[in-house]
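Inspection log for the structure reproduced underneath, given as structure tokens.
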Amino acid sequence: MTPSTYDRKLLVFVALSLFFLFALLLVQFYKIQIVEGDKWRRAADRQHHLTVVEPYCRGVFYSNTSVKKGHPEKEQPLVIDVPRFHLYADPVAIPEKYRAEVIQNIQRIFHLNGPDLGKLTKQLQKKSRSRKLILWLSRDLHDALQKWWQPYAKSHKIPRNALFFVHDYKRSYPFGKLLGQILHT
């Protein structure tokens, strides 16, 4: 049984088609790995490597008066780090219909008015994944907002991290800020 001319042409066509597809695949590999290699390497690094900046506690200075006679036995801190929080929002994650209510509750908890309320409203209207709202909040204000936000977000099916805090430390000088110039010199 001899193959016909049609079968030979079909065999040649299939072989050339496979060769062409293989060549096309090689060209794509060359393009991705050699020509655009740096671009894809940077994209992979962004996906696999995460840099997290942790807040640091700088340390406490104590007075040396406990060594002398007639002074209190307990050491007096001259400078301390007080934990504080920065409130951030993800405006894209908060649906438009709930934004006014969220702004109203934040205003009620933090007693905002005038320009501060305008800034807050402006920040929550932007199309962004991370907006600074309020800086240097105390633990009490942090807890008050969390007490309201967690049940509210759960009941309205809003992601709980649509409002989030960044932990930081603020230097405090119990005997006045002018002492900081002397201590840190």
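Before moving on, here are some points about what is shown:
- Packing order of peptides 109-120, 37-48, highest average first: 109-120, 37-48 (average count of other Cβ atoms within 10 Å over each peptide's residues).
- Percent accessible area from carbon and sulfur atoms, the chain, protein chains only, probe 1.4 Å: 60 percent
- The largest accessible area among F165, F13, F29, F85 belongs to the first residue in F13, F29, F165, F85, and the rest follow in falling order (1.4 Å probe, all chains).
- Helix screen, the chain: DSSP H segments with Cα axial length of 27 Å or more and mean Kyte-Doolittle hydropathy at least 0.5 are 5-30.
- Sequence ranges 141-148, 176-183, ranked by mean other-Cβ count within 10 angstrom, highest first: 141-148, 176-183
- Taking all protein chains together, T5, T121, T51 sort by accessible area into T51, T5, T121, largest first [probe 1.4 Å].
- Label-point separation, R46 to K154 (7 Å along Cα→Cβ), nm: 3.6 nm
The values are calculated or read from the model by the stated rules, or taken from the named source; none is laboratory data. Since the model is a prediction, treat every value here as computed from it, not as a measurement. Neighbour counts are summed over all protein chains in view; Cβ atoms, including those assigned to glycine, are modelled from backbone coordinates with ideal geometry. Keep in mind that these areas ignore ligands, DNA and RNA; they rest on the heavy atoms of the full protein, side chains included. Shrake-Rupley method; radii C 1.70, N 1.55, O 1.52, S 1.80 Å.
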